[in-house]
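K.L.:
Sharing a structure with you now.
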Amino acid sequence: MLMGEYNHTIDAKGRLIVPAKFREVLGDEFVVTKGLDNCLFVYPNDEWQKFEEKLQTLPLTNKNARQFTRFFLAGAASVEVDKQGRILLPSVLREFAGLEKDVVLVGVASRIEIWSKDRWLQSISTYDDDMDEVAANMESLGFSI
């Protein structure tokens, strides 16, 4: 399981150090794509394959399904870790997520999210106010604690 929060920086060439704990799960090659909430999603190859298989079950005749599939697949890139533990993030993905220098990598079970530090701080600033309501709504998804 991927979990934890790590702060790093992107260098001028668009390279980002992937924390060692995450590399243990991801391996030397994995997939980065556009994510929801204006961050990037990072998947180990086995999880990416499961995700692709789910996308392939969506009906081609449904416009939302086509847009959803395009969103995740068009920007997807297979990346490799170099000897310094870095990956090169494609410029289209950096631009999408607003990644310039300071970033936050967050483990979220089967994937990692890469956030601009500013967007991450803005996103979590509402957690305390909203979490009770979010937790209550989770029951409608069949999840209770």
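The values are calculated or read from the model by the stated rules, or taken from the named source; none is laboratory data. Fair warning: this is a prediction, and the values are worked out from it, not measured in the lab. Positions of Cβ are backbone-derived with ideal geometry, glycine not excepted, and every protein chain shown enters the neighbour counts. Each accessible area value is taken on the protein alone, full model and side chains, heavy atoms only, with ligands, DNA and RNA left out. Shrake-Rupley method; radii C 1.70, N 1.55, O 1.52, S 1.80 Å.
K.L.:
In the chain, what percent of the accessible surface is made up of carbon and sulfur (1.4 Å probe, ligands and nucleic acids excluded)?
P.N.:
50
K.L.:
Also: Find the relative contact order for the chain and round it to a whole percent, using C-alpha pairs within less than 8 Å whose residues are 6+ positions apart.
P.N.:
Across the chain, relative contact order equals 34 percent.
K.L.:
Give me a comma-separated list of calculated 3J(HN,Hα) values for the stretch 102-117, in order, Karplus coefficients 6.51, -1.76, 1.60 applied at θ = phi - 60°, integers in Hz, x for any Gly or Pro.
P.N.:
Each residue's phi maps through the Karplus curve to give 7, 10, 10, 9, 10, x, 10, 6, 9, 8, 10, 10, 10, 10, 4, 4 Hz.
K.L.:
For the stretch 94-135 and the stretch 12-63, what is the separation of their Cα centres, given in Å?
P.N.:
16
K.L.:
Tell me the mean residue ellipticity at 222 nm calculated for the chain from its helices only (DSSP H runs of n ≥ 4, each -39500 (n - 2.57), averaged over every residue, nearest 500).
P.N.:
Helix contribution divided over all residues of the chain: -11500 deg cm²/dmol.
K.L.:
Which chymotrypsin sites (Phe, Trp or Tyr not before Pro) does the stretch 45-145 hold that lie in a coil by DSSP with at most 10 other beta carbons within 10 Å?
P.N.:
143
K.L.:
Next question. If we count every other residue with Cβ under 15 angstrom of residue 64's Cβ, Lys/Arg +1 and Asp/Glu -1, where does the sum land?
P.N.:
Every neighbour counted, the sum reads +4.
K.L.:
Rounded to the nearest whole Å², what accessible area per residue is found for the stretch 1-135 with the 1.4 Å probe?
P.N.:
61
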